[in-house]
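K.L.:
Got a structure here, written out as structure tokens. Questions coming.
The values are calculated or read from the model by the stated rules, or taken from the named source; none is laboratory data. Just so it is clear, the structure is predicted and the values come from calculations on it, not from any experiment. Cβ sites come from the backbone with ideal geometry, for glycine too, and all protein chains shown count toward neighbours. Note: accessible area is taken over every heavy atom of the protein model, side chains too, but ligands, DNA and RNA are not part of it. Shrake-Rupley method; radii C 1.70, N 1.55, O 1.52, S 1.80 Å.
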Amino acid sequence: MSEEICFASARELARRIRARELSAREVVRAHLDQIERTNPHVNAIVTLVAERALEQARDADERLAGGAPPGPLHGLPIAHKDTHATAGIRTTSGSPIFADHVPDEDELVVERMRAAGAITLGKTNVPEFAAGSHTFNPVFGLTRNPYDPSRSAGGSSGGAAAALACGMHPLADGSDMGGSLRNPASFCNVVGFRPSPGRVPSWPVPAGWAAMSVQGPMAREVADAALLLSVLAGPDPRSPIALDTPGSAFAGPLDRDLSGLRVAWSPDLGGAVPVDPAVTGVLEPAVKVFEELGCAVEEASPDLSGADEVFRTLRAWHWDIALRPLLDERRAAGSGSGREVKASLAENIDAGRTLTGADLGRAETLHTALFHRVREFFERYDALLLPVSQVPPFDAAIEYPAEVAGRPMPDYLEWMRSCFLVSATGSPALSVPAGFTSEEHGGLPVGLQIVGPHRADFAVLQIGHAFEQATRHAARRPPLAAP
């Protein structure tokens, strides 16, 4: 019964709780048992509030019995990313500086999930300040891949992805600047969706008009990710870029006939990114599924020249705004290099410190030109397919791959160009399970990235849902998740 609950879809669990076939207490207890059994192997959930969750579940059952209308997430257990502020629950951002930090209020995405009836189990692990696509930090240590614990779970939403794969909770929130929703989803055989900027409003944030970093849903199925998006999306007066479309627009069925869809397949973004042959070996057969679904598929790539400079400049500017005061404070206090902030992140903050108005102006000019080239590309195609990650899950003992397909990686960003170049376009992008590498290469998960036109979030989810239903790769659970 516990396995049945822990690997049921979020939609099915919500339906059964509303019908009083299951109680919220049963659902929460089953997931707490699964956390106790599997979390020691992967270190995905790092702060657990079990008693609080059981109390909330009891309250949820009593409200339902009393006739209160249930929200769309009524009784569903969720653990929140440890960079997302949770009132009364420790939120560390993976940093020793905030190891004991307990916020007084929820941030907007958490606020919306709780209002929809979700029950908080705790927090999921992240890299320090969510910087990097490999989840480790000096507070809680390393999150491991459920399919091979010697491998990375990806990041920065690595704890969320690993927990989903292991059945610790049915839905998760995450965030994505350069791939932090998509990369861990690819590495852990789950779904991660980077929405269009403004689709999921963020608050509080220091730069409310910035659009490179977004928040969004993760799940084991595309329709479950759409369910969570229906709760997270919608306007809010606290976000100046929030889109007006209500979240309810994402609550409907995703079924769609893909016949006649014009699909571009780009295995390496026109030579812009090196990709491990073990990845393309999985994705090339996966792309043929779209032909079987009636799509017209051809190899093509948008012109992404300038996207690298746009992303790196705006990312450095983001870190300068967000963390320069903290780094300066640590240095002034006598910590020299600011060693309580990892070196690679400190380098990014310092890079932001040196930016000039001309640098930012050039980045915005390039950003606008990039938008229009991609807009024109999507006048010819309905969707773009490409790898999520350029490598399969790598050795968890290293910070990032030193090379990809024989090409050296100069820093901890370069191996994720397949994601961060897409981030710079502003397009919605989905990571959906696409298969596994050969046994020779470890039998590791590989995700397919589906990118759509500006603000075509629902269409991207529909396309991912059709591919998922045709392939069912997500049904392959990690061995340690079985009872």
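K.L.:
How do 76-86, 4-14 rank on mean C-beta neighbours within 10 Å, highest first?
P.N.:
76-86, 4-14
K.L.:
Along the principal axes of its C-alpha atoms, what lengths does the range 82-198 span, in descending order and rounded to whole Å?
P.N.:
37, 30, 28
K.L.:
Also: Please list Arg37, Arg373 from largest to smallest accessible area, probe radius 1.4 Å, with all protein chains kept in place.
P.N.:
Most to least solvent-accessible, the answer reads Arg37, Arg373.
K.L.:
Along the positive direction of the dipole of the chain (beta-carbon charges: Lys, Arg +1; Asp, Glu -1; about the Cα centre), which of Val102, Ala316, Ala65 reaches farthest?
P.N.:
The Cα lying farthest towards the positive end belongs to Ala65.
K.L.:
Per residue, how much accessible surface does the range 140-186 expose to a 1.4 Å probe? Answer in Å², no decimals.
P.N.:
Accessible area per residue: 12 Å².
K.L.:
Excluding same-chain residues fewer than 8 positions from Lys342, which lysines have a Cα within less than 30 Å of its Cα?
P.N.:
Those lysines meeting the cut-off are Lys81, Lys123.
K.L.:
Another question, if that's okay. How would the chain be classified by its alpha-carbon gyration tensor: rounded, prolate or oblate, with rounded meaning a/c under 1.5 and the a/b versus b/c comparison settling the rest?
P.N.:
rounded
K.L.:
Compute, for the range 150-222, the length of the dipole vector about the Cα centre, with Cβ point charges of +1 (Lys, Arg) and -1 (Asp, Glu) only. Units Debye, rounded to 20.
P.N.:
Using Cβ point charges on Lys, Arg, Asp and Glu, the range 150-222 gives about 120 debye.
K.L.:
I've got another one for you. On alpha-carbon atoms, Rg over Rh for the range 300-350 using Kirkwood Rh?
P.N.:
Over the Cα atoms of the range 300-350, Rg/Rh equals 1.20.
K.L.:
Right, something else. In Å², and per residue, what accessible area does the range 196-308 have when probed at 1.4 Å with the other protein chains present?
P.N.:
Result: 40 Å² of accessible area for each residue.
K.L.:
Which semi-axis lengths, in whole Å and largest first, follow from the square roots of five times the eigenvalues of the Cα gyration tensor of the range 212-289?
P.N.:
They are 31, 18, 13 Å, listed largest first.
K.L.:
When ranked by the protection proxy of mean other Cβ atoms within 10 Å per residue, highest first, what sequence do the peptides 117-128, 23-34 form?
P.N.:
117-128, 23-34
K.L.:
Next question. For Thr280 and Asp100 in the same chain, what is the full-extension length gain: residue separation times 0.36 nm, less their Cα-Cα distance, in nm?
P.N.:
Between Thr280 and Asp100, full extension yields 60.5 nm more.
K.L.:
Okay, next question. Normalised by the residues of the range 379-435, what does the relative contact order come to in percent, with Cα pairs under 8 Å and at least six apart?
P.N.:
The value is 32 percent.
K.L.:
Send over a whole-number figure in Å² for the accessible area per residue of the range 343-483, probe 1.4 Å.
P.N.:
Ligands and nucleic acids excluded, the result is 39 Å² per residue.
K.L.:
Another one. Do you know the relative contact order of the chain, to the nearest whole percent, from alpha carbon pairs under 8 angstrom that are 6+ apart?
P.N.:
16
K.L.:
List the chymotrypsin sites (Phe, Trp or Tyr not before Pro) within the range 57-136 that fall in a DSSP loop (any state other than H, G, I, E or B) and whose Cβ has at most 13 other Cβ atoms within 10 Å.
P.N.:
Those that pass, being in a loop and sparsely packed, number zero.
K.L.:
Sum -39500 (n - 2.57) across every DSSP H segment of at least 4 residues in the chain, then divide by the residue count to get the 222 nm mean residue ellipticity, nearest 500.
P.N.:
The helix contribution divided over the chain gives -12000 deg cm²/dmol.
K.L.:
Moving on. Heavy atoms only, 1.4 Å probe, whole protein assembly: order Leu171, Leu64, Leu293 by accessible area, highest first.
P.N.:
Leu293, Leu64, Leu171
K.L.:
Using a probe of 1.4 angstrom, how much of the accessible area of the chain is carbon and sulfur, in percent?
P.N.:
51
K.L.:
Could you work out the relative contact order of the range 85-231? I mean the mean sequence separation of Cα pairs under 8 Å and 6+ apart, divided by the number of residues, in percent.
P.N.:
19
K.L.:
Whenever you get a sec, line up Lys342, Lys288 from highest to lowest accessible area (probe 1.4 Å, protein heavy atoms).
P.N.:
Lys288, Lys342
K.L.:
Sort 357-363, 53-59 by packing, meaning the average of other beta carbons within 10 Å per residue, with the highest value first.
P.N.:
Going by the mean number of other Cβ atoms within 10 Å, highest first, we get 53-59, 357-363.
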